[in-house]
Amino acid sequence: MTDATQATAPHTVPGLDPIEAERVVDVLQARLHALNDLSLTLKHVHWNVVGPHFIAVHEMLDPQVEAVREMADTAAERMAALGGVPIGTPGALVAARTWDDYEVGRADAVAHLGALDLVYTGVIEDHRAAMKTAGDIDPVTEDMLIGQLAKLEQFQWFVRAHLENGSGRLSTSGAHTLSDAAGQAARGSTDGA
């Protein structure tokens, strides 16, 4: 049995220094945790959304869940190709994450979307930082992250379309916590955002 905490194998892809590969593996491990967390959060929202926009949001989220799960799988497989050991256990995710758990339970669709907007912002910002790090070392991993970013940004756009008024103002502007974003979005939908 192999040690699940083993960072890298004694080899990596041809042309990449093993020390540099280990840096990329570390970056990808953080992305793997974030993507696994995001897929679970999206499914949580899918199950707990209510209100007049229920069906639109409920059905919008399943393709996002599937795409994010595929991103996680791709990141894990890239880690393995680089000689890393992808760790996808729930305990490792919770121990390593640097963000708070999703705190909105059963709630109106717009409230969930407000919180989800902040979740996507965090994932996208961290993906961009990972892309920059990988780009300095491994353009193949950078390319993978660029493709994932394009989808993540599109998904956030879908979310934000529900939160935006005709002049382009987001009902969640200035929110710093998931609860604040959910509350602002819910108020914005009753005030006409």
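Taking amide H as placed 1.01 Å from N in the peptide plane, the amide H of Gly84 sits under 5 Å from that of Ala9, each at least 5 places away or on another chain.
For the pair the range 123-187 and the range 15-56, the centres of their Cα atoms are 12 angstrom apart. Local charge for Pro18 was computed over the other residues whose Cβ lies under 15 Å away, with Lys and Arg +1 and Asp and Glu -1, and equals -4. Taking the 1.4 Å solvent-accessible surface of the chain as the whole, the part contributed by carbon and sulfur is 55%. Add +1 for every Lys or Arg and -1 for every Asp or Glu among the other residues with Cβ under 11 Å from the Cβ of Ala182, and state the total. Local charge sum for Ala182: -3.
Summary value for the chain: 25 percent relative contact order, contacts being C-alpha pairs under 8 angstrom separated by 6+ residues. Label-to-label distance for Ile146 and Trp99 is 2.4 nm, based on points extended 7 Å past Cα in the beta-carbon direction. Each residue of the range 20-34 is assigned a 3J(HN,Hα), and the resulting list reads 5, 4, 5, 4, 5, 4, 4, 5, 5, 4, 5, 5, 4, 4, 5 Hz, derived from the Karplus form 6.51 cos²θ - 1.76 cosθ + 1.60 (θ = phi - 60°), x at Gly and Pro.
Couplings 3J(HN,Hα) of the range 96-108, computed from phi: 9, 5, 10, 10, 7, 5, 5, 10, 9, x, 5, 7, 4 Hz, in residue order, whole Hz [Karplus 6.51 cos²θ - 1.76 cosθ + 1.60, θ = phi - 60°; x for Gly and Pro].
How big is the dipole moment of the range 1-151 about its Cα centre under a simple scheme where the beta carbon of each Lys and Arg is +1, that of each Asp and Glu is -1, and everything else is neutral? Debye, nearest 20, please.
Its charge dipole is roughly 200 debye.
Among the chymotrypsin sites (Phe, Trp or Tyr not before Pro) in the range 36-145, which ones are in a DSSP loop with at most 15 other Cβ atoms within 10 Å of the Cβ? Mind listing them?
Details: sites: Trp47, Phe54, Trp99, Tyr102, Tyr120; in loops: Trp99, Tyr102.
Passing sites in the range 36-145 are Trp99.
Taking the convex hull of the alpha carbon positions in the range 53-193 and averaging its projected area over all directions gives 9.4 nm².
Summed over the residues of the range 1-90 and divided among them, the accessible surface reaches 51 Å² per residue at a probe radius of 1.4 Å.
Computed from backbone phi with θ = phi - 60° and the Karplus coefficients 6.51, -1.76 and 1.60, the 3J(HN,Hα) list for the range 49-54 is 7, 9, x, x, 9, 3 Hz; x is used for glycine and proline.
Taken over the C-alpha atoms, the range 50-94 has Rg and Dmax values of 15.4, 49 angstrom.
Put simply, the amide H of Val50, placed in the peptide plane, has neighbours under 5 Å in Ala107, Asp108, Ala109, leaving out anything fewer than 5 places away on its chain. Placing a pseudo-label 7 Å from each Cα along the Cα-to-Cβ vector at Glu125 and Glu70 gives an inter-label distance of 2.8 nm.
The values are calculated or read from the model by the stated rules, or taken from the named source; none is laboratory data. The shown structure was predicted, so the numbers you read here are calculated from the model rather than taken from an experiment. Virtual Cβ from ideal backbone geometry, glycine too; neighbours counted across all protein chains shown. SASA here: full protein model, heavy atoms, side chains in, ligands and nucleic acids out. Shrake-Rupley method; radii C 1.70, N 1.55, O 1.52, S 1.80 Å.
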